[in-house]
Amino acid sequence: MVDSKNDGHQPTVWKLEGSQPTQSRVRRRLSSGKEYGRRGRPLWPQRFHGGGRRHGCSQLDGNGSQIKRTVLHDLYEKEGQSPWYDNLCRPVTDLLPLISSGVRGVTSNPAIFQKAISTSNAYNEQFRELIEAGKDIESAYWELVVRDIQDACKLFEPIYDQTDAGDGYVSVEVSPRLADDTEGTVEAAKWLHKVLIFSLARYEAVIDAYLDGLEDSGLNDLSRVTSVASFFVSRVDTLADKMLEKIGTPEALDLRGKAANAQAALAYKLYQKKFSGPRWEALVKKGAKKQRLLWASTSVKNPAYPDTLYVAPLIGPDTVSTMPDQALQAFIDHGIVSRTIDSNVYEAEGIYNALEKLGIEWGYVGSQLEVEGVDSFKKSFESLLDSLQEKANSLKLVSLSWGQDGEHSSVKMVFAGISLLVVVEMGIPSHPSPSVDWDGYTIGYYGRIFEARNKTKGGSFEGDDKDFYKFRIGYQQVIPAFEEAISGMALGGIRRARGPWILCCETKD
């Protein structure tokens, strides 16, 4: 919906009337006093370019200072388009080189967080603390997300201040479960960011809602209200191309890969029309800002298409282009900065009408993509909660008991939350009691697991004599379950133990 900031740090909540987009996103500026990274830590994210100097960008010094400009700076300074990054994960310091390269904001969604949280160990410690504090799974999820948003906002704060709240935003969506609940969305969100716009009709409804909100606010100063409308691009071609291939005529096949950008150009034309004239001028006198178009879904889905297909043709003033790694990397490498969004509106109108004549119903395309988009985000969100539930279960899986000095002791571990319940009892010979090293390392990291015939399954065990530290499993078939449980133990903070014995494990029915 909108972003608003006031001196009391309490956001203004706008309730939109009329037609509602199917999904809303919270865009919030949060503060955090967290420090970022360790001194001397390389700041350039390897996933962005493999760790070397590429795409017109140099390495940064330890303070993240800019050394070399990129085309992203020209994109903003010459053409008035703000490049944002469509990704967010820990450590957020990975954003520093991107900011220095010209990135001016960040977008995220449930799919992004699902990938980040489920594939990274960076969230484990905080998640464990939240679960131990009694947080439920969804509440813990939002705590994880808010931490990322807070930390990222601090990095973008200079841009926010320099542009007078024009850029420097970090966005996060409200729960997809609220996709069809307008009141619930408004209740959950302080600032709303409209997403999943796939059609001109939906976009016009969003603009009208924004204008209505400004007029109904009763504010004499509207200068602190900022808004963007996310218009999704590549997914339009994904659906339209399937429909054109089904038609199968030469004319239809020739229009593949052209529907999305044609509609986007007409959306910009609608933007220019709506934010001009007497109605808009009256709002400008109160300091109102235009609701910028944000081009989303800018990565190509068809490998046969140019990798900047949904970036280069959509350059224009007062717009935002949010790009995932692939698109951002490609544009920095070989993108050309030039105003293109309204360079040939007549051609765009011709393509739009030609598609309609072939039977491509734009109303159907928009509504179908909205349904698919919301469903996709819901599935990602539910999958994320499921994976967090599995992690939470793993926190309860270990109990350890040590005997007295010189006694034969046993250690029982019960691995729950996995497909196979395994109880492993480890007999410890009568040696002096182990000294436990509580330095925070985990069995999951230092443990060495052996299959039958002592085949190493991975990891290492640290000690004075590594030959004395071997974990042996009696039955090969329990190895996968044991490995999965060991991974969970790492999350649970199980400490490594040192002692002059050989640990031998055997399964019990």
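Bear in mind that the values in this text are calculations on the coordinates, not laboratory data. From a predicted model like this one, the values you see are computed outputs, not experimental measurements. No Cβ is skipped: glycine too gets one built from the backbone with ideal geometry, and neighbour counts run over all protein chains shown.
Points worth noting:
- Label-to-label distance for GLN389 and GLU356 is 4.7 nm, based on points extended 7 Å past Cα in the beta-carbon direction.
- Restraint check, LYS301/LYS378; LYS135/LYS379; LYS274/LYS301; LYS154/LYS273; LYS154/LYS391, Cα-Cα greater than 27 Å: LYS274/LYS301; LYS154/LYS273; LYS154/LYS391
- The amide H of ASP86, built 1.01 Å from its N in the peptide plane, has THR107, MET323 as neighbours under 5 Å, considering only residues 5 or more places off or on other chains.
- Model label zone, GLU245; criterion: amide N under 19 Å from point 7 Å along Cα-to-beta-carbon; scope the range 259-301: 259-261, 299-301
- Between the amide H of THR226 and those of ASP3, SER4, distances stay under 5 Å, these residues lying 5 or more places away or on another chain, with hydrogens modeled in the peptide plane.
- 3J(HN,Hα) along the range 94-109: 4, 6, 4, x, 5, 4, 5, 7, x, 5, 10, x, 9, 10, 8, 7 Hz, from the Karplus curve 6.51 cos²θ - 1.76 cosθ + 1.60 with θ = phi - 60°, whole Hz, x for Gly and Pro.
- Net length gained if the chain between GLN126 and GLU349 were fully extended (0.36 nm per residue, minus Cα distance): 75.1 nm
- With a cut-off of 17 Å on the backbone N, the residues of the range 360-380 near the modelled label site 7 Å out from THR238 along Cα-Cβ are 365-380.
- Added length on full extension, which subtracts the Cα-Cα distance from 0.36 nm per residue, ARG279 to GLN368: 28.8 nm
- Burial order of peptide ranges 88-94, 214-220, 104-110 (average beta-carbon count within 10 Å, highest first): 104-110, 88-94, 214-220
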